[in-house]
Amino acid sequence: EPEVTQTPSHQVTQMGQEVILRCVPISNHLYFYWYRQILGQKVEFLVSFYNNEISEKSEIFDDQFSVERPDGSNFTLKIRSTKLEDSAMYFCASKRDTYNSPLHFGNGTRLTVT
Amino acid sequence: QKEVEQNSGPLSVPEGAIASLNCTYSDRVSQSFFWYRQYSGKSPELIMSIYSNGDKEDGRFTAQLNKASQYVSLLIRDSQPSDSATYLCAVNKGTGFQKLVFGTGTRLLVSP
């Protein structure tokens, strides 16, 4: 069964450094998402992406965050200058083009900012 | 009012019992609803989806939706220790491209 692939599984970085989290969505999916989950808290929406542009973003997704789909297969989340509070599990998700289709999640990248 | 509300639990049931998980949502225009299971440190895994009022059964799982009451539930029959996890209720919100809004999850513990 096709799956969403995320790399790396764990990223440790120092405060102020830039990180790029990578995702390969399911190949016939058209809608792409990033969510994050701080330890012990709920899964929170960050951004949705369709047709090579952001369709919606949350308040969390400020100017330090950006997303890109550089080559038609990868979908990346960049955090320009990481803060301690960015430490979380980041999940990439994708879905087909139908309204009611569910989100399929990758295994996540655990980001630790020290 | 939270967009999606769940009791955080833990809900403890013995093996073989029925586990009942509940969720309420605030946005009346929501049209699709999902239950995900999340093991500790892992990603959410889709269990059930439901779009119409009533019951939807899939194996040991039954999802129930009541749009008038803005209420979604998940029943797990013949609960197994391997069902011990956090169950996330998610509601498809908004127009256009939609996004899933998650509840905080209910932790289920099934004891042997």
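I'd like the chymotrypsin sites (Phe, Trp or Tyr not before Pro) in region A:16-114 restricted to DSSP loop residues with at most 14 other Cβ atoms within 10 Å, sorted by number.
Loop-located and lightly packed - A:TYR99.
Take the alpha carbon atoms of region A:22-114, find their radius of gyration, then divide it by 2.2 N^0.38 Å using N residues; give the quotient.
Against the empirical 2.2 N^0.38 Å value, I get 1.04 for region A:22-114.
Write down the Kirkwood hydrodynamic radius of the protein assembly as shown, to one decimal in angstroms, obtained as one divided by the mean of 1/r over all alpha carbon pairs.
Result for the protein assembly as shown stands at 18.1 Å.
Can you give the mean number of other chain Cβ atoms that lie within 10 Å of the Cβ atoms in peptide B:41-52?
Partner Cβ neighbours, averaged per residue: 4.
Would you please calculate the Kirkwood hydrodynamic radius of chain B over all C-alpha pairs and express it in Å, rounded to one decimal?
14.0 Å
Carbon and sulfur together cover what percent of the accessible area of chain A at a 1.4 Å probe radius? Numbers along the way, then the final one.
Working: 2560 of 5860 Å².
Carbon and sulfur: 44 percent of the exposed surface of chain A.
With both partners inside chain B, how many of the DSSP beta bridges are antiparallel, as a percent to the nearest 5? Intermediate results must be reported in sequence, preceding the final value.
Working: 37 of 41 bridges.
Roughly 90 percent of the beta bridges in chain B run antiparallel, per DSSP.
Using only the Cα atoms of region B:47-112, what do you get for the radius of gyration and for Dmax, in Å?
In Å, with Rg to one decimal and Dmax whole: 13.3, 45.
Kindly state, to the nearest 0.05, the FRET efficiency for B:ARG60 paired with A:LEU84, given R0 = 41 Å and r defined as their beta-carbon distance.
About 0.45, to the nearest 0.05.
Taking the DSSP beta bridges in the protein assembly as shown as the whole, what percent of them are antiparallel, to the nearest 5?
Here the antiparallel bridges make up roughly 90 percent for the protein assembly as shown.
The values are calculated or read from the model by the stated rules, or taken from the named source; none is laboratory data. As the structure is a prediction and not an experimental result, all values here were calculated from the model. Ideal geometry is used to build each Cβ from the backbone, glycine not excepted, and the neighbour counts take in all protein chains shown. For the accessible areas, the whole protein counts, side chains as well, though only heavy atoms, and no ligand, DNA or RNA atoms are used. Shrake-Rupley method; radii C 1.70, N 1.55, O 1.52, S 1.80 Å.
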